[in-house]
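The values are calculated or read from the model by the stated rules, or taken from the named source; none is laboratory data. What you are looking at is a predicted structure, and each value in this text was computed from that prediction instead of being measured. Heads up, the Cβs are rebuilt from the backbone with ideal geometry, glycines too, and the neighbour counts pull from every protein chain shown. These area figures cover heavy atoms from the full protein model, side chains too; ligands, DNA and RNA do not enter into them. Shrake-Rupley method; radii C 1.70, N 1.55, O 1.52, S 1.80 Å.
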Amino acid sequence: MSTLSFKKVATGILSVLVAFTMIGGASVAQAASLTQAQIDSIVGLLESFGADAQTVADVEATLKGEETSGGSTGGSTSGSCDYTFATDLSMGDTGADVMHLQEVLNMNAATQVAASGIGSAGNESSYFGALTKTAVVKFQEYYASEILAPVGLTAGTGYVGASTRAQLNAVCADGTDNGAGDGDQASDTSGLHVAAGNQPSNSLAPASATNIPFTVIELTNNGSSDVTVDSIVVKRTGLASDDAFTKIVVLDEDGLQIGDDDTLDSDHEAVVGDDIEVEEGESVTLTIAATRAAASTANTGDVASFSVIAINTDAAV
């Protein structure tokens, strides 16, 4: 999921990155005096704006007064745990629960937080940032029948609630997470498969700009007949206002609008596209895009994102 930020936020992040660049030599000792909470906040900020794992790892090491790795520090994706998850977790949380969460997620290459650097096996952190949320979504969808189906969901949310904690504890009790899992996600290849595509880079969203790309998804038809997607439900998330956008659309691979556009409702949701055909054995790439409202200082500094929360079709998804 891509994030577009407005000018004030981008300027602030640039200032932070410049400050990181200036840390070195004698300044490292001063950086090492930061509390873990302050370091976690800075790391979370970098993750939220799409910094790669190695950059984040090097920044964290610098802030702690340690040497930077300068390369991959990834570890094994197997292991065991002796821990009980008793508290719900979500993005922004910190503490031992988060570190143990990352350890469990890193026990399986399919759900690992990162392949190298901060968050990777052996380099788990105590901050629940964007990388951790993405890994939790993968974990929830990997164990869809145990976590999602009992609560009526078809896609991971990234929120560690009761059903997710139960499965984390089950994995810990089992001592490994390298199998195919008990859920349908890992073994069922029929129906319509939805996956994240190659996401747009984080960028500014100019006023009045049309069809700004936010989120890319890939629909693959693994069934035995053609599939028609009636519509796609998207939700505006992030620190932003709905009135910053006048229109939400879905675009095909050539950048052409498919079906109807929509505006955001009181639940920050929009229903876009119609009659999207996915032929048997074929894949299509779709982009969720939005049109910015006219220039206004009211939304300056907003950071918005769009998530796909439902695919309306008669086929199994």
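Just one of (1) in a loop (DSSP other than H, G, I, E, B); (2) open to solvent by 50 Å² or more (accessible area, probe 1.4 Å); (3) modelled with pLDDT of 55 or more fails for Ala51. It is (2).
Within region 283-301, being loosely packed, with under 13 Cβ neighbours inside 10 Å and in contact (Cβ under 8 Å) with a residue 24 or more places away in the chain holds for Ala294, Ala295, Ser296, Ala298. Taken as a whole, the condition of being in contact with a helix residue (DSSP H, G or I) (Cβ under 8 Å, 6 or more places away or on another chain) and either buried (at least 17 other Cβ atoms within 10 Å of the Cβ) or assigned to a strand (DSSP E or B) (or both) applies to Ala304. Inside region 148-178, residues that are under 12 Å from Thr111 (Cβ atoms) and in a helix (DSSP H, G or I) make up a count of 4.
Within region 105-144, restricting attention to residues that are in contact with an Asp or Glu (Cβ under 7 Å, 6 or more places away or on another chain) and assigned to a helix (DSSP H, G or I), the residue that is surrounded by the most Cβ atoms within 10 Å (Cβ to Cβ) is Leu131. The set of residues from region 246-299 being at positive phi and among the acidic types (Asp, Glu) comprises just one member, Asp275.
Just checking, does region 80-90 include any residue being out of contact with any strand residue (DSSP E or B) (no Cβ under 9 Å at 6 or more places or on another chain), of a type in the set (S, T, N, Q) and either open to solvent by 50 Å² or more (accessible area, probe 1.4 Å) or modelled with pLDDT under 85 (or both)? Yes; the residues of region 80-90 include at least one that is out of contact with any strand residue (DSSP E or B) (no Cβ under 9 Å at 6 or more places or on another chain), of a type in the set (S, T, N, Q) and either open to solvent by 50 Å² or more (accessible area, probe 1.4 Å) or modelled with pLDDT under 85 (or both). Scanning region 224-239 for residues that are of a type in the set (Gly, Ala, Ser) and open to solvent by 20 Å² or more (accessible area, probe 1.4 Å) yields Ser224, Ser225, Gly238.
Considering only residues in region 192-223 that are assigned to a loop (DSSP other than H, G, I, E, B), open to solvent by less than 40 Å² (accessible area, probe 1.4 Å) and hydrophobic (A, V, I, L, M, F, W, C), the one that is nearest to Leu256 (Cα to Cα) turns out to be Ala209. For region 243-250, the criterion of being surrounded by fewer than 16 Cβ atoms within 10 Å (Cβ to Cβ) and either part of a helix (DSSP H, G or I) or modelled with pLDDT under 90 (or both) is met by at least one residue.
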